[in-house]
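Each remark here refers to the structure printed beneath this line.
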Amino acid sequence: MTELQTRGEKRFTIFAEVTIIILVILSIAPILLIFIASFTQENELIANGYSFFPKALSLDAYSYLVSESKTIFKAYGVSIFVTAVGTLLGVLITAMLAYPLSRSDFKYGKIISFLVLFTMLFSGGIAPAYIMWTRIFHIKDSLFALMIPNYLMNAFNVFLMTNYYRNNVPGALIESAQIDGAKELKIFFKIILPLSTPAIATIGIFTGIAYWNDWINGLYYITKPQYYGIQNLLVRMMDNIQYLKSGAAGSAIGAVAVQLPSNAVRMALAVIGVLPIVIIFPFMQKYFIKGVVVGAVKG
């Protein structure tokens, strides 16, 4: 009986390992394909499509990006600043809101929880939001337009943090601090935050990725090129290349338009956009897994 169980466990372990390897390959394959396509010659992409083993390689796409390097680096600076500051503010606001909601003695906890949940289920719409942010708060064409709308606080993150506090911060610890004379702000910054590193890292990843990948705010609220983030710049560069390859522009500038490596450039732009996330995510993965697992368990 013991041998049968051992054999069964070994088979399950082998099956699980093979399954995980297959899933990892399926996850990495699209990224690898994009990377290879960015080095593939444009004519090869047009003739044979995307391939892991292209017949002709070229650096034309990256040469085009190098010619736009000044603009790209500036857009990178905007995205890095917006992502860093927006994530810091978003995590702080989310953590501070979740803390009183996790306390059973908070008088207005149910009302505020309902309001937070309501924003998760219903939205006022794009047009009212645009009118509010541009005509009341006047954030159009500013860095605030890239930080505040849509991503500064997320209802899912609030509930994730709330559940983490309830499951991992002992109420006796808070009561002990109160007996010692600690105020709520001191309890929050000295006790709650240090004990919440996994959950903070998790919502930090969620918020940071949302800010980095965002181009909707730039599309709605930004018209001045100096405020373009990397995603908005890449989208507009792609639009410009498509225009240059269009019939009207092509007849005006001749064969140059036809030679623009639009497909390869699209892949190179994707590589540039995803590269920071690929570099940072492995360092945050252990906190991410623990924060999601523990924070998602309802106490």
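What to note about this one:
- Within region 56-79, the set of residues being part of a helix (DSSP H, G or I) and touching a residue at least 60 places away in the same chain (Cβ under 8 Å) comprises Asp60, Ala61, Tyr62, Tyr64, Leu65, Thr71, Ile72, Lys74, Ala75, Tyr76, Val78, Ser79.
- Of all residue pairs spaced 6 or more apart or on separate chains, those with beta-carbon atoms under 6 Å, a first member in region 26-55 that is within 10 Å of Ala264 (Cα to Cα) and in contact (Cβ under 8 Å) with a residue 40 or more places away in the chain and a second member that is open to solvent by 60 Å² or more (accessible area, probe 1.4 Å) and among the hydroxyl-bearing types (Ser, Thr, Tyr) are Ala37/Tyr50.
- Single residue of Glu17, Glu44 found to be of a type in the set (Asp, Glu), part of a helix (DSSP H, G or I) and open to solvent by 100 Å² or more (accessible area, probe 1.4 Å): Glu17
- Restricting region 117-128 to residues that are without any contact (Cβ under 8 Å) to a residue 24 or more places away in the chain and part of a helix (DSSP H, G or I), the residue that is nearest to Pro100 (Cα to Cα): Phe118
- Considering region 1-14, and only residues there that are surrounded by 10 or more Cβ atoms within 10 Å (Cβ to Cβ) and among the polar types (S, T, N, Q), the residue that is nearest to Leu269 (Cα to Cα) turns out to be Thr13.
- Residue count, region 95-110 (criterion: in a helix (DSSP H, G or I) and open to solvent by 100 Å² or more (accessible area, probe 1.4 Å)): 1
- Top-ranked residue of region 51-67 - restricted to ones that are surrounded by 15 or more Cβ atoms within 10 Å (Cβ to Cβ) and among the hydroxyl-bearing types (Ser, Thr, Tyr), ranked as modelled with the lowest pLDDT: Tyr64
- The criterion of at least 2 residues that are open to solvent by less than 40 Å² (accessible area, probe 1.4 Å) is met by the following helices (runs of 4 or more DSSP H) wholly inside region 130-205: 143-147, 155-168, 171-179.
- Just one of the listed residues (Val85, Val24) is open to solvent by less than 90 Å² (accessible area, probe 1.4 Å), closer than 22 Å to Trp212 by Cβ and either outside any helix (DSSP H, G or I) or among the aliphatic types (A, V, I, L, M) (or both), namely Val85.
The values are calculated or read from the model by the stated rules, or taken from the named source; none is laboratory data. Treat the numbers as computed from the prediction; the structure is a model and nothing was measured. Glycine gets a Cβ as well: all are built from the backbone with ideal geometry, and neighbour counts include every protein chain shown. The accessibility values were calculated without ligands, DNA or RNA, using every heavy atom of the protein model including side chains. Shrake-Rupley method; radii C 1.70, N 1.55, O 1.52, S 1.80 Å.
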